[in-house]
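Just below is one structure, and these are the notes that go with it.
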Amino acid sequence: FTMYLNKMTFGGVGNIRGVQKASLQYFGKNVWELNLAECAMLAGVINSPYTFDPHNYLDKATARRNTVLDMMVYHGYITQEECDLAKSIKVEDLLIDAKSTINTDYTYQAYIDAALKEAREVTGLDPMNVSMEIHTNMNPTVQAQLESIQAGTGGIDFPDDLYELGSIVINNQTGEVVGIMGGRNWASGGSMLLDHATEQFNQPGSAIKPVLDYALAFEDLGWATSHTIVDKPVTYGNWTFNNFDNTKWGIVDLSKAVGLSLNTVAINTLQAVIDKSGVQRVTNYLTSLGFSQFKPELFDISFAIGGGNMRVSAQELAAATGVLINGGNYIKPHTINTIFYRNGQKEPYVAPTTGTSVLSPQAAYLASYLMRNAVDQDWGNYMYAIRKGYPVYGKTGTSDWGDAGLEYGIPVGAAKDEWMVGQTTKFTIAVWSGYEKAIAGADTYFSRWKLNMNIPGAIISTVLDTLESAYGTPGELAMPEGISKITHIKGLYPYVAPDDTIPSDYVATGLVKTEYAKLGTYTNLITTPQNLSSFTAAYDENNDTVNFAWAPYPDAAKLVEESHDDKTFDISWITGPITYKARIVQNSAVVATINYTADQLSKVIDGLQPDTDTQVCGYYGYEKNDTVASNEVCVTFRTPVA
C-alpha cells in the first residue's frame, strides 16, 4: 500500500507523483502531519487527479472529499461526529499556494521521465515496479542549459506566456540523446507532463526538405548540387502551392532553393522523384526515418513542404536529419545507455548504437552540403544566428493556421509552428516553438516581430556553444568516395558538357554522385531541320538580282529564338533559330551563301561571272550553326552575257 501511494498521481501543479509531494504542494506539510479532512481530500483526488484538483474545481473537490468521509463512516473507520467536524472545514482554507512549494526537486525531470518511458518500451517492464539501475546518456551541463532556457533564465526572452517550445540534442553517430527541453510547462516543476520535444507532433514545414526532397533527388535522379529548376506556382487539382511570401524567383539552383526555402521547387523536386521511382519508394523511405505518426495512405505531395498530414516530433526530426551527417544511417534516438536489474535475474539491457542504412553516403553528404550553404551564405534567412567558426548545417521551417484561425482573430496563413534544425558533425539540435491551440484575442500566431525574435536560432546558437565547451570544436564533414565535381550547361538534364562556344553565364559547376557524372555533347541536341520540299532560284536580268524562294518552314515557331523566360538554357540560344539558306556555285567554287529569315529574297550577288552556268542549292539551317542542315534542293541557271 505504501508503494502504491508513492507512485500515484495527485494532480496539482506539475502532475504530482506520490502522496508526500502531494501533501507538501496542497497543504505545505508532511504527510504524517495531515488531519482527517486533508487525508480525505487526497484520497478523493486519486480517482481523477485533474477533475478533483481543488485548484481546478473547488466544488467538485469538496464534494469528492465529503464522499470519502461518508464512506469512512459507512465502513466504520470514523464516527459520524468526526465526519461532520471534518466536513465543516472548508477545503479552500486548507490549501496553500501550490507554486510556493515548487523547487529544484524537478531538475532533469523531462529527461528522467523520457528515460522511464523508454525503459518501459525496451524492457516491457515498469521501472516503478521492477528494481532497475538505469544509466542514461544525459549530459548534465547540456540538460541544465536547456532547462535554464525553458525557465526563462537562459538569456532568451519569449514573446508571451502562451508561447511554447521543445528541443532535443542527439549524438549523430550513436543516437544518444544528451539533452531534452520538455517545454516551458516544465519550468514550474512536475513530472509526466507533456514533453514538447518527444510527445508533441506538428507539421515540420520546410525543415523536412533536405532529408526528404533533395536527398532523394540526389539518390534517385542523380541531380547535382548545381541543378537548376524553375520557381513558379505549382497547381495540383484545385490547389496552387506558392512560396511562403508568394515570391517567384524564376530559375534557381538547389542551393538557392534551400537557402530561400522555396516551396514550389521542393514540390517539383519530390514530384520528379515520384515520377521516376514511384510513390511507394517515397513512403518506404519516410517509414525508414522513424516517423511514428506516418502511414503510407496519408501521403500526398504536400509532404514535400512538411504539410498535409505530416506530423513529427522534435526528436523524430532531429534523428531523421541526423541521417545526413551520419552517412545515410538512421539510428533510433535513445536516452538510455544500459539497464541493470538489481535482482540479477536478467541480462543487462544495452542500447544499440548502430544504425540502418536508409540513404547512400553520397546522397546524404550532398543534402548536408545544401544545409551548410543555407547557413553560410547570406540568404536573408534566420540561420545567420547559428553561424560559428566551424561548419554548421541547418534548416528552418514553419507551418501555418491556414484559414482555421480566422474565428480566433488569426490572419489567414499566419504561422503557428516555427522550427529550426542545427547540426555539426557531432550533434543535431532540433527546436520546435509555437502555440498548442488557437485562443481568441491572444495572438496565438507568429507575427513578423515574433519571427524576427528568432528564438529557435538563439537556442541552437547557445546550445552549440555549450556543446563545444563540453565536447570540443567540431570539424568538417568528410566527403565520401563516390562524389565527383561536374561542370555542365545550366538547365539541361541529363547534363551536357559545355565547350568554348558556350558563354560562362550558361555554365555551372557542382557535386554529383559519381555514377551520374556523365556528360553528353551539346551538339547532339541540335536537331536536323525538317525537309525542304521545294526551292527556286532565277536570275533577274532587269535588276541583276537573283530571286530565291523556299517552301515556308513547316514549324513557324522554330523561326524565332526560344524565349529566355523560365529557362536557363535552350540550344537555340547557341544555334539561333531556323533560317533559309542557299549556296551559289560557279565553276565548282562557292561564290556566295545566303542566310535569311524569310522564305523569299531578291538580292544582288557580287562576284557572279557572266555567261556562266550557276548552281544554287537551297536548304534550311540554323542562323549561327553550319554543321546541321536539311536536305538540299538545287537548281541551275546561266548568267547573262556581259
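The numbers here are math on the coordinates, done by the rules we state, and not lab data. No experiment lies behind these values; they were computed from the predicted model shown. Cβ sites come from the backbone with ideal geometry, for glycine too, and all protein chains shown count toward neighbours.
Miscellaneous remarks
- Counting charges near P54 (Lys, Arg +1; Asp, Glu -1) among other residues having Cβ under 14 Å from its Cβ returns a value of -2.
- Taking every alpha-carbon pair within the chain, the share separated by more than 38 Å comes to 52 percent.
- Stokes-Einstein D (µm²/s) once Rh is taken as the Kirkwood radius of segment 139-210 over alpha-carbon pairs, at 20 °C in 1.002 mPa s: 161
- Ratio Rg/Rh, restricted to segment 210-348 and using Cα atoms, in which Rh is the Kirkwood radius: 1.10
- For the peptides 109-116, 58-65, the ranking by packing is 109-116, 58-65, with the highest mean count of neighbouring Cβ atoms within 10 Å listed first.
- With N the number of residues in segment 2-101, Rg(Cα) / (2.2 N^0.38 Å) evaluates to 0.99.
- Neighbour counting of Cβ atoms within 10 Å sorts the residues V412, V234, fewest neighbours leading, into V412, V234.
- Cα gyration tensor, segment 347-438 - rounded (a/c under 1.5), prolate or oblate: oblate
- Contact order for the chain, expressed relative to its length and based on alpha carbon pairs under 8 Å spaced 6+ residues apart, stands at 11 percent.
- Lys pairs, segment 205-471 - Cα-Cα below 16 angstrom, 8 or more residues apart or on other chains: 10
- Residues S504, S48, S261, sorted so that the one with the fewest Cβ neighbours within 10 Å comes first: S504, S48, S261
- Exposure proxy order (Cβ contacts within 10 Å, fewest to most) of H75, H227: H75, H227
- A simple count of charges around L467, restricted to other residues whose Cβ falls under 14 Å of its Cβ and scoring Lys, Arg +1 and Asp, Glu -1, yields -1.
- Positive minus negative residues near N242 (Lys, Arg vs Asp, Glu; Cβ under 13 Å): -1
- Peptides 449-462, 356-369, 589-602 ranked from most to least packed by the mean count of surrounding Cβ atoms within 10 Å: 356-369, 449-462, 589-602.
- Calculated over segment 420-546: convex hull of Cα atoms, volume per residue (Å³): 355
- Placing a label point 7 Å from the Cα of E133 along the Cα-to-Cβ direction, the residues of segment 305-342 whose backbone N falls under 20 Å of that point are 335-342.
- Taking packing as the residue-averaged number of other Cβ atoms within 10 angstrom, the listed peptides 315-321, 440-446 run from highest to lowest as 315-321, 440-446.
- Rounded D (µm²/s) - segment 535-638, Kirkwood Rh over Cα pairs, Stokes-Einstein at 20 °C, 1.002 mPa s: 146
- Projected label distance in nm at F201 and T356, using a 7 Å step from Cα toward the beta-carbon: 1.7
- From its DSSP helices (H runs of at least four residues, each -39,500 (n - 2.57)), the chain gives a residue-normalised ellipticity at 222 nm of -7500 deg cm²/dmol.
- Taking segment 319-420 and dividing mean pair separation by its residue count, relative contact order in percent (alpha carbons under 8 Å, at least six apart): 19
- Label point distance in nm, A497-Y74, each placed 7 Å from Cα along Cα→Cβ: 9.2
- With Cα atoms as the point set, segment 483-522 shows a radius of gyration and Dmax of 9.6, 28 Å.
- Förster radius 51 Å - calculated FRET efficiency between D275 and S533, Cβ distance, rounded to 0.05: 0.85
- For the chain, with +1 on Lys and Arg beta carbons and -1 on Asp and Glu, the positive-most of A442, P49, S313 along the dipole: P49
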